[in-house]
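As structure tokens, the structure follows; a few thoughts come after it.
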Amino acid sequence: MRFNERSLVVLIGGGLVAAAALAVVAYLVFGGNDDGGAEVAGGGGALAVEGNAAASFEGGPDELLYLSGTSLVRRNLENGREEPAGTIETPSVYPAAGSSWIAYVTAKASDQDFAAEPVLHLYDPVNDEKARYGAGVAPVWHPSGSHVAFLRPVEPRDCQGETCSGEVQIGVVEAGTGEESLLLDRGTYSILGWAGEWVLVSDFEDPSTITAVTLDDERQVVGIPASQYWDASPDGRWIVKTNEKKTEFVSFDDGKLAEERVTVELGDYRLLEGAWAHDSSRVAAVVGETKRTDRGGTEDTRVVTFSPEEPEPVTVGETFGATGSILWSVDNDSIVFTSLLDPKRALFQAQHCALGNQSGCEVVTSWTEGVALLRTE
């Protein structure tokens, strides 16, 4: 197939790893145990996602929040001005898209292996609030930014390098109040993401299915392999399923797959990283095609957009060489993407593009190491 060349643009930043490929093994990384954990509260109740999940960021031009070393930096995307926004002592940072909260993970003590005993923290750089929640790893934010799900180890971990084995529970913390819930029985879990009010969980002992669970501990079995899960829409209506042969939208209702399916014709391209718009209107994703040359294989990557209503992928202009995840603007009208300019020097560049803008994209910043794009505000 040929991608339709339209003047749509997407913003991206991050590493070059497909989310679906990580789904089954993510639970193995960064386990731990901490006897100083937060007190566990009772059930949390249902969550609702209405409209734009990032609506808490209001007014003014969009700003880009990024981490440079241990320093948070906020850059105005209209005039290029930057200002310090706080510090975080670790690169293991997980920002909420729909609020000002950031989760990060540190070692229990400075002389201990980070992977063996991780500690979960929440930080709001806007209001300068910090909270330590004890043992926890692999946090995944609800689209609204109000709750974060994570893995809480329940036994000592056996770690080899950055891979650990051991049972965990699914914890969920409400960022504003600190109220915590524990879901499911202990097991070897990985958190795949949120689909509306449902937390989607895979179990290493049975990777052929996914379990959907609410904060009231209501449970449903989702009948797709964890390895084929890519992402769910913030409103919980659609799941993107992908494998070597097909990428499709699968409708999702009340914790279960529904009948409606929409195929996305990617041709020879593979679906890599990307994200849903905050309002669940469409997907922006990096796709890649391996091309053979005299010197071996090279990866041709670009950004495309597609939706259940318009499933034909549309190539976003000026995004060749794109790598990493997508950062959508708060109003869903623009995005930021990272491109690899020079592989030998590991030189990256971030660009800001308005959707439908015929004049192209504006360079935001460039770097060689130590920078992670977090979100737009």
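The values are calculated or read from the model by the stated rules, or taken from the named source; none is laboratory data. No experiment lies behind these values; they were computed from the predicted model shown. These area figures cover heavy atoms from the full protein model, side chains too; ligands, DNA and RNA do not enter into them. Shrake-Rupley method; radii C 1.70, N 1.55, O 1.52, S 1.80 Å.
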Which pairs in the list 245/291; 246/291; 246/344 are over 26 Å apart, alpha-carbon to alpha-carbon?
246/344
Which whole-Hz couplings ³J(HN,Hα) result when phi for each residue of region 337-351 is put into the Karplus expression 6.51 cos²θ - 1.76 cosθ + 1.60, θ = phi - 60°, listed in order with x for Gly and Pro?
10, 9, 10, 8, 7, 9, x, 5, 9, 6, 8, 10, 9, 9, 10
Region 301-367 and region 208-265 have their Cα centres apart by a whole-number Å value of 26 Å
Assuming 0.36 nm per residue, please report the length gained on full extension of the stretch residue 184 to residue 369 beyond their Cα-Cα distance.
62.7 nm
Where only protein heavy atoms count, and the probe is 1.4 Å, what is the accessible area per residue for region 66-112 in Å²?
47 Å²
